[in-house]
1. Would it be correct to say that residue D:266 is in contact with a helix residue (DSSP H, G or I) (Cβ under 7 Å, 6 or more places away or on another chain) and either at pLDDT 60 or above or surrounded by 14 or more Cβ atoms within 10 Å (Cβ to Cβ) (or both)?
2. List, please: which pairs have Cβ atoms under 9 Å, are six or more places apart or on different chains, and start with a residue in the stretch A:144-156 that is at positive phi and part of a loop (DSSP other than H, G, I, E, B) and end with one that is modelled with pLDDT of 90 or more and of a type in the set (Ser, Thr, Tyr)?
3. Looking at (1) in contact with a His (Cβ under 9 Å, 6 or more places away or on another chain); (2) more than 30 Å from residue D:160 (Cβ to Cβ), which one does residue B:152 not meet, given that it meets all the others?
4. Considering (1) over 24 Å from the mean Cα position of the chain (by Cα); (2) surrounded by fewer than 20 Cβ atoms within 10 Å (Cβ to Cβ); (3) modelled with pLDDT of 90 or more, say which one residue A:449 fails and leave the rest.
5. Test of understanding: among A:296, A:228, which residue is more than 30 Å from residue B:58 (Cβ to Cβ) and more than 7 Å from every other protein chain (Cβ to nearest Cβ)?
6. Show me the helices (runs of 4 or more DSSP H) entirely contained within the stretch C:1-94 in which 3 or more residues are within 14 Å of chain A (Cβ to nearest Cβ), surrounded by 17 or more Cβ atoms within 10 Å (Cβ to Cβ) and polar (S, T, N, Q).
7. Mind counting the residues in the stretch B:119-163 that are over 17 Å from residue A:235 (Cβ atoms), at the interface with another protein chain (Cβ under 10 Å from one of its Cβ atoms) and buried (at least 21 other Cβ atoms within 10 Å of the Cβ)?
8. Considering each residue of the stretch B:77-110, count those that are more than 11 Å from every other protein chain (Cβ to nearest Cβ) and of a type in the set (Phe, Trp, Tyr), and give that number.
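The values are calculated or read from the model by the stated rules, or taken from the named source; none is laboratory data. Predicted model, so just to flag it, every value in this text is computed and none were measured. Note that each Cβ is placed from the backbone with ideal geometry, even for glycine, and that neighbours are counted across all protein chains shown.
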Amino acid sequence: MSSISTPRPQDNFYHDEKYGFRPWLKSWLLTTDHKRIGILYMFAINFFFAIGGLLATGIRAELVTPAADMVNSEVYNRIFTSHGIIMIFFFLIPSIPATLGNFLIPLMIGAKDLAFPKLNLLSWYIFMLAGFFALYTLFTGGIDTGWTFYTPYSTTYANTGVIPMGIAIFIAGFSSILTGLNFIVTIHKMRAPGMTWFRMPLFVWSHYATSLIQVLGTPVLAMTVILLALERIFRIGIFDPQLGGDPVLFQHLFWFYSHPAVYIMLLPGMAIISELITCFSRKRIFGYKFVAFSSLAIAIFGFLVWGHHMFTSSQSVFAGMVFSLISFVVAVPSAIKVFNWTATMYKGRIYYEAPMLYALGFLGLFIIGGLTGLFLAATAMDVHLHDTYFVVAHFHYIMVGGTLMAYIGGLHFWWPKITGRMYSEIWGRISALVVFAGFNLAFFPQFILGQLGMPRRYSSYPEEFQIYHVLSSAGSSILAIGYALPVVYLLLSLKFGPKAPSNPWGATGLEWTTTSPPPTHNFDKTPVVTEEAYSYNPQDPGIFRAQGKW
Amino acid sequence: MAQHNPAVPTQHSPHLAHHFDTLEQQYDAANAGMWLFLATEIMLFGALFVAYAVYRFVYPETFFEASRHLAIPAESPWYLRSVFLGTINTTVLLVSSLTMALAVHAAQTGKRNRLVWLLLATMVLGTVFLGIKGLEYFLKYEEHLIPGPNFIFEQANRNQAQLFFLLYFIGTGLHAVHMVIGLGLLAYLVFQSRKGRFTPEWFTPVEMGGLYWHFVDVVWVFLFPLFYLIGLHE
Amino acid sequence: MEHHIIPLRTYFTIFGALLLLLGLTVGVAFLDLGPFSVVVALSIAFAKAILIVLFFMHVRYSSRLVQIFAATALLWFFFMISLTIADYMARSGDWPPSPDSGPLSLAEERRLW
Amino acid sequence: MGEFQFYPEQASTIAGPIDALYWTLTGLTLLFSIPIPFVILYFMVKYHHSRTVDRGNPSHTSMKLELGWTFGLLGIALGIFFWSSYLYFDIYRPAPANTLDIYVTGRQWMWHTQHPQGKRENNELHVPVNTRVRLIMTSQDVIHSFFIPAFRVKRDVLPGRYTTMWFEATKTGEYRIFCTEYCGTEHAAMGGRVVVMELADYQRWLREDLGVIPESAAPDTSGRPSQPPSAGGESSGQLSTMAAAGQQIFIAQGCIGCHGQQGRGRAPSLAGLYGAQVQLENGQTLTADENYIRESILNPRAQIVAGYPPIMPPYDGILNDQQINELIEYIRSLTSEEGTTR
């Protein structure tokens, strides 16, 4: 590893020559430094996660009793719709690429910045504008169409804020496109000398695949929202059954983006897991090429499977067969990744650090989440399980058990690099265990509810399902505590955490060769890469925090 | 081409951004970025073409009938028929594509004056296109072919015909919006080239503007036959 | 910046070809080719599009990466259109429904469409 | 229906094979989600950083292993695919020939079923056991989805077209119906029950009279050709007052969907209707007395109020005279308070 220059305190991107409040604010709001934009996104993302989380507690609190008594069904419909939209479009899709991706990809490939820094800042402003529209909709009566906006309810029968929320999602799509476009061009054109494609960290591979989906999928959602808004405003449109239009065509166009969107949410999570497992097993990834190409395979096949959301709608049986077959094929790359991560731990030197506990939690939950996907890809099984709580449990296992665990794990892993401070290790491990336990108690009963036939989006349900809902609500409160913990001790670490050296985990990767937090221009001297991505050696313990260095 | 080597000393040209190492790398990044943006545009219009393909597959006769009604309306003189106006419009756009390509060539060879005139020519042709488009829309308004309560279509399948005209107005409308954005870009390029900012070493904005304009022309190349020419063969 | 400068002659020949193809597509539209009319119309449109993309947009002379991006966008569009149309082709007549299918009472009730 | 379950009842012919597929998939899930975490835990313990153990030349890839689990998984996946496709084709293929066709109309927040013999029901479906029943379904407004968990069948109900679904009940009893496609405010209340009866009971039910009303009050033949007498849902006994019973019917039969505040102008408000002047579509005005209300309930198409679409389904054959009288009593009670109850 190239030599590490001794970091002078003010020699990082947080400090600015110009002092005083106005220049400081201007330096943050007009920055084109990918690291600052990553942090700006982090504030926005976590803010929306908090809102989504509050809405989730509203849902779980209401469902404790069979009758719609805490809130009536009108309010409940608005709560679950806003929970869905805020969590998906304003937390999960942008979260890891826009925060950790923005911050780390230039560092990992040895570049000074992303290819289009101004576009990167524009992407943040577009995201905040979209967030404003979403919050405006929330505070002026909300929206009750479900995050899927199915016509003809969303166009003719809903009398809630479909247009403002549609504008919010339309604008948020551009922020996603710009991030994706920036990453693809940066990865292609701005790698450090010696950094060939197969020496790049798998973090960058997965984000490359994610960006492919963001660039190629999001415009179709933009067009679908335009068509929806036109039909709602002018009372006439191409999905209107009275004109001979087909509401299922809306479902085709909507799911063409929205299924790849779930891979936009998942692949960045897998990106982080590849880094965490290798670093804390002190061992090179098992089957580097297979893990890298399975990310691409997920991105490409992800575009061919959207019909499995429409098995019970009037989609033809033949199309159901085609989509079901490809859906089974798209499940294989995810399984390959899990096998390779497990094989990486063989003959490694494993440390139970907080990021590693989150990564292992990811593995456990993602296996269940992935395999329950097979139930829903099987057409006949989906007839019984479609739009029931089985589906709710499946995608929460993937989104919350997978992406969110990876996001928090990644946040812990790169916290010293981003802030220059170490978090409290004990609390990190406790929060990992609390989140894992709370999650399982919250969402496993929903599998049973689902196969019993409890439909989604119900404010009131038959009495015999109450026991499962009470368990789920209990679990979700533990989960809420689990998520509150990192907020506390990570923010406290900013003030009280010990100073972090450049490479606290002894990890490979160019981002660890520069100071923590890195200088504005990332590297004093453009690094030259000579060896493989994860050149760990399980034999020697290496420089490691466990040796009580600080 | 993938990545540069720092050994070659690159004089720090004023156009080179700090995070790039050579002008070559900067241009390649801009070109790749622009083509990714055009990929999103292809998928945006693609969703419309999918809707068109679905409804044309399901209601073929209605689409032929409605397109015939659009292209050669019964009582209008030959010069006001949309098939004639559409053909003129396509020619106008092809010529504007030519002038745009010549403008990029002029930028490459450093002929600033010719560059300005060719960009202006492209803008004029673009405006002519929008004018003819506006005329067509007005004619459709007069013939009560705008979907909605006062949509008149004597044949039996009045509702499905409204689907055709909905797709027609949304498709050509979105295309017209992209034309207006293109005119804005060209105006910016004219302003910059008059100030002499573009040199044979660095004219990337002109080339990117050209790519965008040619893309809008390619979209029209597909819109024209699919909406205007499918009903003429009876 | 050794950008490939395309001779002016090429531009004009391509422009001529485009006008020719435009005349061809309008002319062919008046002939009654039955099912082939859509195939011919689309192939002429694709020919014009490829000419513009290769020569006016310099894709023929630009890096392989850009050529891949252009081809990928087209491929994704075909992903979308092929599977969607496959669904509608395989619906074999149960959609769109004929208005009088179904019992009189329900059809009568539905007459409000 | 209604008691605690860990696993849904099997009450249709397709339930068995579907459950076989379900348990196989569950087994497959356990086959992976138990051994792999176990291997992970084993590695975690064995190769913990404090333990000195052989960590010599670990292999970083092995094509054999990778291809092995890739094609192994693909094989399992395809196996599941063919099995489930076979079942899917069986569920959604055009139903076999001699089925009992029942027409189901979904409307915002109620199901309206009609038997070929003309009998109509709201939110209920009486079917004979061991006979193939085909539901021909359409919706009058948004997309709904007819789901009977005990039969393992579900089909979206779309506006502007017919979707069909068939099942063959194997066990008598009552099973829940759910609407599983989000359709608006009362989506959760849009359920009902399937009552599976012996064939003889079903025949008798079809010919059953109006129940509470004595035989003598022969139903008025209101011009409908095949109009056998029929009774709707069980008529509740004499509640405290007729108006309260009327209100129950007003909500249960879905009148509140259009006539309540939620109606959004689809139907005239009934507050202060009794005794008021009503302007009809054909220009005629008349006072709203019992006959007018009764006629508009039984055959709404006869007198349409000006400015309202004729979308009210006829309740002739659903509500017996006693229920209609209770409704009239309830509507008369509305003249005192201002709006209809929520």
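1. Criteria met by residue D:266.
2. The qualifying pairs are A:146/A:81; A:146/A:153; A:146/A:154; A:146/D:182; A:149/A:155; A:149/A:224.
3. (2)
4. (2)
5. Every option except A:296 fails the conditions.
6. On the way: elements: C:8-30, C:36-51, C:64-89.
In the stretch C:1-94, no matching helices (runs of 4 or more DSSP H) lie anywhere.
7. Count: 2.
8. So the answer is 2.
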